[in-house]
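Asker: Just dropping this structure here.
The values are calculated or read from the model by the stated rules, or taken from the named source; none is laboratory data. Since the structure is predicted, the reported quantities are computational estimates derived from the model, not experimental observations. In this analysis, Cβ positions are derived from the backbone assuming ideal geometry, glycine residues included, and neighbour counts consider all displayed protein chains.
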Amino acid sequence: MSSGRDDGGAETAGNDGDGFDPDPERVERLREIADDVRGETSESKQLANILYRTSDLYDESEETSPEEIVRNVKFILEVNERGGLGR
């Protein structure tokens, strides 16, 4: 299994060299876990949303980066802290 790096430590594979190769099995696994943990509480919904966003890193049809996901997760947490989008 390739680590996405050559002997010199440079990125050789992934989405534009970011090290996140498309992995449909990982996408499916993360999204199944997200569906399992999603519940009625805002915390469980947040966790499910974070897992879905993380799965996008490995989804060939999605274009995202870890930085975009971190920004999105921060936004999710800030919105929840304020009590929702409408406040």
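Asker: Out of the residues in the range 70-87 meeting the condition of being out of contact with any Lys or Arg (no Cβ under 8 Å at 6 or more places or on another chain) and of a type in the set (Val, Ile, Thr), tell me which one is nearest to Lys45 (Cα to Cα).
Answerer: It comes out as Ile76.
Asker: Next question, about the same structure. Among the listed residues Arg31, Arg71, which satisfies the condition of being surrounded by 14 or more Cβ atoms within 10 Å (Cβ to Cβ), charged (D, E, K, R) and out of contact with any strand residue (DSSP E or B) (no Cβ under 9 Å at 6 or more places or on another chain)?
Answerer: Only one candidate passes the filter, namely Arg31.
Asker: Give me the helices (runs of 4 or more DSSP H) completely within the chain, filtered to those with at least 2 residues that are modelled with pLDDT of 95 or more and among the β-branched types (Val, Ile, Thr), ordered by residue number.
Answerer: 24-37
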